[in-house]
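Here is the structure we will look at, set down as structure tokens.
The values are calculated or read from the model by the stated rules, or taken from the named source; none is laboratory data. This is a predicted model, so every value here is computed, not measured. Positions of Cβ are generated from backbone atoms using ideal geometry, with glycine treated the same way; all protein chains shown enter the neighbour counts.
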Amino acid sequence: VRCYEDFSVGEMVEAGPVLVTADDIKAFAAQFDPQPMHLDGAAAQNTIVGGLLASGLHVVCLNKRLLVDAFLVDGGSMGSPGVEEVRYLAPVRAGDSLAMRLEVTGLRPSASRADIGFLKFTSEMRNASGAPVMRMTATLIFPRRDVAAATGTA
Amino acid sequence: MNFFEDHVVGTRVEIGSHTFTAQEIKAFALQFDPQPFHIDEAAAARSHFGGLIASGWHTAAVCLRLLVEDRHRRQAELRRRGEAVARTGPSPGLRNLQWLQPVHAGDTVSFAHEIVELRPLADRGDVGLRVARNTGTNQAGVLVYSVQSSTFIERREKRG
């Protein structure tokens, strides 16, 4: 299991790409974001976006899956307190392939709990032409190995 | 609330509640967030969470569905009355999303939507930006989720 001490600022992780099909877009939308622009290509022609478009949250969820598979693969994370910002930068359409690029941007021990630390990262999804479609800055919680070792709970 | 001009800062709407079952927590997580405490009851029980908890993005996704359904109900009511319905654009993003407490299997979370800012856009006369804070509160009255979201909304004065 990776602990807080195992990461360093500047560490980069790349993952994917993952193909986003029209069926994927519609299935996510039917469950969580049932707006015409995400559900139906014909109906979407009449909206501001003009054509079937993946829900922004769908792109975030695909990013999370790539992040878990590539970065939290050994299950060390203790969850996340939250997300500073998510920006949707370009539309994601059926047939797009999205790749993730993550960079560790900060590490700080918890002020209130000696056994955990916070890892801040920026993660971006890019389409096949290299254009960023979504960028987020968020935080993950990891256990501290030095504390666990010192208290004999490792 | 319909066109940008109709919105008022401070308006709060209860948009509905949802009970997170173990089955749907695992189904969501297997697809998008397969960490042990979201997909495996035994592993979750051994974790610092003490039991199965929903992916934070699952909570966000349920909140989104309730927001969309609430908007659709309002739009249907406007159409029934023969009134024009404002178009809304895609969201430019989210800010300051907080998972304040875990959502455990069996928890019922009630979601609310509150308008915090209405911003006319200098470079876009046809739409304005509505900034809202969406929250989720569990059955014990504890705030578990909070996020600030933005939406482009058509302006009445520019229509036609």
Tally of residues being touching a residue at least 12 places away in the same chain (Cβ under 8 Å) and either within 20 Å of A:L67 (Cβ to Cβ) or acidic (D, E) (or both) across the range B:42-80: 12
Residue satisfying all of: in the range A:131-154; touching a Cys at 6+ places or on another chain (Cβ under 8 Å) and among the charged types (D, E, K, R); modelled with the lowest pLDDT among these: A:R145
Leading residue by the ranking (farthest from A:L140 (Cα to Cα)) among those in the range B:126-146 that are within 14 Å of chain A (Cβ to nearest Cβ) and either within 11 Å of the chain's Cα centre (by Cα) or among the small types (G, A, S) (or both): B:G128
Those residues of the range A:22-42 which are more than 19 Å from the chain's Cα centre (by Cα) and of a type outside the set (A, V, I, L, M, F, W, C), in sequence order: A:D23, A:K26, A:Q31, A:P34, A:Q35, A:P36, A:H38, A:D40, A:G41
Selected residue (criterion: farthest from B:H7 (Cα to Cα)) from residues of the range B:106-125 that are surrounded by fewer than 20 Cβ atoms within 10 Å (Cβ to Cβ) and in contact with a Phe, Trp or Tyr (Cβ under 9 Å, 6 or more places away or on another chain): B:G106
Residue count for the range B:4-39, restricted to those that are under 17 Å from B:I153 (Cα atoms) and within 14 Å of chain A (Cβ to nearest Cβ): 1
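Can you work out which of the residues in the range A:123-145 that are touching a helix residue (DSSP H, G or I) at 6+ places or on another chain (Cβ under 8 Å) and assigned to a strand (DSSP E or B) is nearest to B:V147 (Cα to Cα)?
The first filter runs over the range A:123-145 and keeps only residues touching a helix residue (DSSP H, G or I) at 6+ places or on another chain (Cβ under 8 Å), leaving A:123, A:125, A:133-134, A:136, A:142-145.
Subset that is assigned to a strand (DSSP E or B): A:123, A:125, A:133-134, A:136, A:142-143.
Details: A:S123: 19, A:M125: 21, A:V133: 21, A:M134: 17, A:M136: 14, A:F142: 23, A:P143: 26 Å.
This residue is A:M136.
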Those residues of the range B:70-89 which are under 14 Å from the mean Cα position of the chain (by Cα) and facing another protein chain (nearest Cβ under 7 Å), in sequence order: none
Residue in the range A:52-64 that is modelled with pLDDT under 95 and surrounded by fewer than 17 Cβ atoms within 10 Å (Cβ to Cβ) present: no
Single condition B:A61 does not satisfy, out of (1) closer than 30 Å to A:V73 by Cβ; (2) out of contact with any strand residue (DSSP E or B) (no Cβ under 9 Å at 6 or more places or on another chain); (3) small (G, A, S); (4) at pLDDT below 95: (4)
Some residue of the range A:97-105 being of a type in the set (V, I, T), at pLDDT 95 or above and in contact with a Lys or Arg (Cβ under 6 Å, 6 or more places away or on another chain): yes
Hits in the range B:50-69 (condition: more than 10 Å from chain A (Cβ to nearest Cβ) and surrounded by fewer than 16 Cβ atoms within 10 Å (Cβ to Cβ)): B:G50, B:G51
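Please go through the range A:58-68 and pick out each residue that is in contact (Cβ under 8 Å) with a residue 40 or more places away in the chain and either hydrophobic (A, V, I, L, M, F, W, C) or more than 8 Å from chain B (Cβ to nearest Cβ) (or both). Talk me through it step by step, then tell me what you get.
To start, the set of residues in the range A:58-68 that are in contact (Cβ under 8 Å) with a residue 40 or more places away in the chain comprises A:59-60, A:62-63, A:65-67.
Those that are in contact (Cβ under 8 Å) with a residue 40 or more places away in the chain and either hydrophobic (A, V, I, L, M, F, W, C) or more than 8 Å from chain B (Cβ to nearest Cβ) (or both): A:V59, A:V60, A:L62, A:N63, A:L66, A:L67.
Among the listed residues B:P34, B:P90, identify the single one that is surrounded by 15 or more Cβ atoms within 10 Å (Cβ to Cβ) and free of Cβ contacts under 8 Å to residues at least 12 places away in the same chain. Lay out the reasoning, then the answer.
On the way: B:P90 fails: free of Cβ contacts under 8 Å to residues at least 12 places away in the same chain.
Residue meeting the stated conditions: B:P34.
Return the residues of the range A:65-75 that are on the phi < 0 side of the Ramachandran plot and surrounded by fewer than 17 Cβ atoms within 10 Å (Cβ to Cβ); say none if nothing qualifies. It would help to see each step written out before you state the result.
Step one: list which residues in the range A:65-75 are on the phi < 0 side of the Ramachandran plot, which gives A:65-74.
Listed by number, the residues that qualify are A:D69, A:A70, A:V73, A:D74.
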Residue match in the range B:40-49 (condition: within 11 Å of chain A (Cβ to nearest Cβ) and acidic (D, E)): yes
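Quick one: which of B:S149, B:S110 is within 11 Å of chain A (Cβ to nearest Cβ) and of a type in the set (G, A, S)?
On the way: B:S110 fails: within 11 Å of chain A (Cβ to nearest Cβ).
The conditions single out B:S149.
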Selection count where residues are over 26 Å from B:S149 (Cβ atoms) and without any contact (Cβ under 8 Å) to a residue 60 or more places away in the chain, scope the range A:73-97: 1
Number of the exception - A:F142 against (1) surrounded by fewer than 22 Cβ atoms within 10 Å (Cβ to Cβ); (2) touching a strand residue (DSSP E or B) at 6+ places or on another chain (Cβ under 7 Å): (1)
